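A short worksheet on the structure shown next.
The values are calculated or read from the model by the stated rules, or taken from the named source; none is laboratory data. None of the values given here were measured: they were computed from a predicted structure. When we count neighbours, we look across all protein chains shown, and the Cβ atoms used for this are built from the backbone with ideal geometry, even at glycine. Note: areas computed on protein heavy atoms with side chains; ligands, DNA, RNA excluded. Shrake-Rupley method; radii C 1.70, N 1.55, O 1.52, S 1.80 Å.
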Amino acid sequence: MLNISNLSKTYLPEKKEALKNIHLQIQKGEFTALLGQNGAGKTTLINILAGNVLKTAGMVTIGGYNLDTHALETKRIIGIVPQETGYDSTFPVYETLKKQSGYFGMRHNGATIDELLEALYLTEKRNSNIRELSGGMKKRFLIAKALVHRPKILVLDEPTAGVDIEMRHTLYDFLLRLHQEGTTIILTTHYIEEAEKLCDRVVIIDSGRIIADEPKTQLMENFSREVTVEFQFDFELELADMAFLNMYHPQIEEKTRLQLRVPKKDLPKVVHMIAQKNMAFVDLGIEKPKLEDIYLSLIHR
Ligand SMILES: Nc1ncnc2c1ncn2[C@@H]1O[C@H](COP(=O)(O)OP(=O)(O)OP(=O)(O)O)[C@@H](O)[C@H]1O
Ligand SMILES: [Mg+2]
């Protein structure tokens with residue numbers, strides 16, 4: 001569906017290397033999270049796909065069409081929701097979406113536009129000027145604008161930044177439905193729980209390089225070989241007495257809770273070791289790492 005190879009981007013004149021030899025293949029039907037810190041290169045990559053930024057090297061094909069030679073065809077296949085909401089216009093919402101449809105030769109697109117406005121809670125604003133929309137509404141408007149031509153791939157650059165919590169959850173449902181209906185989706189976000197909830201593949205980009213690209217379940221499985229275990233006691237603990245557990249990095253929280261980092265296979269052994277010391281615990285909790293922990297440990301490696 002999307003094929004990126006040897007892609008590099010150097011911004012002149014400072015010679016800032018924003019992307020360094022990126023390889024990425026996206027299959028039809030995938031829902032991919034593109035994660036990375038501020039300045040990692042996410043927007044640069046998306047702007048190249050959108051045809052707004054010229055790449056320095058490499059090849060990009062979208063739906064089989066080469067971006068260099070078939071720019072118009074690629075635009076039909078992909079819909080892009082930009083990060084910037086600076087889009088300023090005195091035109092009304094509906095009229096703008098109608099005009100956008102016109103670019104794609106879809107003059108009788110009224111039903112699709114109505115549907116999108118409804119799904120994105122913008123029906124009430126259909127005749128408002130875009131300039132008069134709030135920041136969160138503008139984001140939703142930009143999603144509608146990216147979708148009027150019913151693209152097969154939707155790329156969203158931080159679609160939920162600045163969107164209120166309730167509307168964010170509405171957007172999640174909207175994106176999940178779109179994905180179920182067959183749209184291939186790529187999403188960047190700084191809310192990692194969003195990637196955890198929505199996506200099936202996680203790509204992490206760091207200083208212009210891809211440092212992780214795995215199915216989400218695989219990534220989480222690889223990292224959950226070690227879990228955090230917490231034992232609650234009804235007496236106060238001394239760290240000095242926990243030396244027999246040193247290999248599991250003991251920590252004491254609020255005097256009575258013992259935290260250990262334990263490889264899953266060692267769990268029975270650890271419980272046994274504690275029992276042998278006649279330390280009766282009153283509660284036990286096991287926590288698997290969240291995608292957020294995995295993300296942080298990867299980018300700090
Ligand atoms: N037009 C430009 N001219 C020069 N440098 C640029 C330009 N656009 C981006 N950069 C630089 O390229 C690097 C990548 O920026 P990019 O916007 O792609 O990051 P990002 O991953 O989208 O970050 P964020 O999470 O903050 O949106 C940064 O160092 C940035 O300063
Ligand atoms: Mg960005």
Charge dipole (debye, nearest 20) of the stretch 129-196; +1 at Cβ of Lys and Arg, -1 at Cβ of Asp and Glu: 460 debye
Cα lying deepest toward the dipole's positive end in the stretch 226-299, options 243, 268, 231, charges on Cβ: 268
Charge sum, other residues only, whose C-beta stays under 15 Å from residue 58's C-beta, Lys/Arg counted +1 and Asp/Glu -1: +2
Radius of gyration and maximum dimension Dmax of the stretch 54-158, Cα, Å: 14.6, 45
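Take the residue pairs 197/277; 20/197; 99/216 and return only those whose Cα atoms are more than 31 Å apart. Could you put the intermediate results ahead of the total?
On the way: 197/277 41 Å; 20/197 29 Å; 99/216 38 Å.
Pairs exceeding 31 Å: 197/277; 99/216.
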Rg and Dmax [Cα atoms of the chain; Å; Rg one decimal, Dmax integer]: 24.3, 78
Max mean-square fluctuation residue, GNM over the chain, Cα-Cα springs under 10 Å, options 120, 49, 245: 245
DSSP beta bridges in the chain [antiparallel fraction, %, rounded to 5]: 70 percent
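With every protein chain kept in place and ligands, DNA and RNA left out, what is the accessible area per residue of the stretch 24-94? Probe 1.4 Å, answer in Å².
Details: 3390 Å² over 71 residues.
Solvent-accessible surface per residue comes out at 48 Å².
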Formal net charge of residues neighbouring residue 117 (Cβ-Cβ distance under 10 Å; K, R +1; D, E -1): -1
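Based on DSSP, what percent of beta bridges with both residues in the stretch 113-218 are antiparallel, to the nearest 5? Each step should come with its number before you reach the end.
Details: 6 of 11 bridges.
For the stretch 113-218, the DSSP antiparallel bridge percentage is about 55.
Around residue 77, what is the net charge, scoring Lys/Arg as +1 and Asp/Glu as -1 over all other residues with Cβ under 12 Å from its Cβ? Provide the component values of the computation, followed by the final result.
Numbers: positive: 28, 75, 76, 150, 152; negative: 73.
Net of charged neighbours comes to +4.
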Cβ-based charge dipole, the chain, positive-most Cα from 153, 128, 212: 153
In the stretch 227-264, the trypsin sites (Lys or Arg not before Pro) that fall in loop regions by DSSP, at most 14 other Cβ within 10 Å: 255
Within a Gaussian network of the chain (alpha carbon springs, distance under 10 Å), most fluctuating of 102, 208, 63: 102
Sequence-separation-based contact order of the stretch 226-299, relative, with Cα cut under 8 Å and 6+ spacing, percent: 44 percent
Of all accessible heavy-atom area on the chain, the percent that carbon and sulfur account for (1.4 Å): 49 percent
Percentage relative contact order, the stretch 6-90, counting C-alpha pairs under 8 Å, at least six apart: 26 percent
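Rounding to the nearest 20 debye, state how big the charge dipole of the chain is about its Cα centre with +1 on each Lys and Arg Cβ and -1 on each Asp and Glu Cβ. Present the calculation step by step, with values, prior to reporting the outcome.
Values: 38 positive and 40 negative charges, 277 e Å.
Charge dipole of the chain: 1340 debye, to the nearest 20.
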Dipole axis of the stretch 2-221 (+1 Lys, Arg; -1 Asp, Glu on Cβ), positive-most option in 188, 26, 109: 109
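Do any GluC sites (Glu not before Pro) in the stretch 127-189 lie in a loop, going by DSSP, with at most 12 other beta-carbon atoms within 10 Å of their beta carbon, and if so which? Before the final figure, lay out the partial values.
Details: sites: 132, 166, 181; in loops: 181.
Sites meeting the loop and neighbour criteria: 181.
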Percentage relative contact order, the chain, counting C-alpha pairs under 8 Å, at least six apart: 19 percent
Top of 232, 100, 180 by mean-square fluctuation, Gaussian network on the chain, Cα under 10 Å: 232
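Tell me what the chain gives for mean residue ellipticity at 222 nm when only DSSP H runs of n ≥ 4 count, each as -39,500 (n - 2.57), the sum divided by the residue total, rounded to 500 deg cm²/dmol. Each step should come with its number before you reach the end.
Values: 10 runs with 100 residues, N = 301.
Result for the chain: -10000 deg cm²/dmol, rounded to the nearest 500.
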Unit charges on C-beta of K, R, D, E only; dipole of the stretch 163-254, Debye: 740 debye
Euclidean distance of C-alpha centroids, the stretch 98-148 and the stretch 25-55, integer Å: 23 Å
Surface accessible to a 1.4 Å probe, per residue, for the residues of the stretch 226-299, Å²: 62 Å²
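Which values, in whole Å and largest first, are the semi-axes of the equivalent ellipsoid of the stretch 149-204 obtained as the square root of 5 times each eigenvalue of the Cα gyration tensor?
Here the semi-axes work out to 17, 14, 11 Å.
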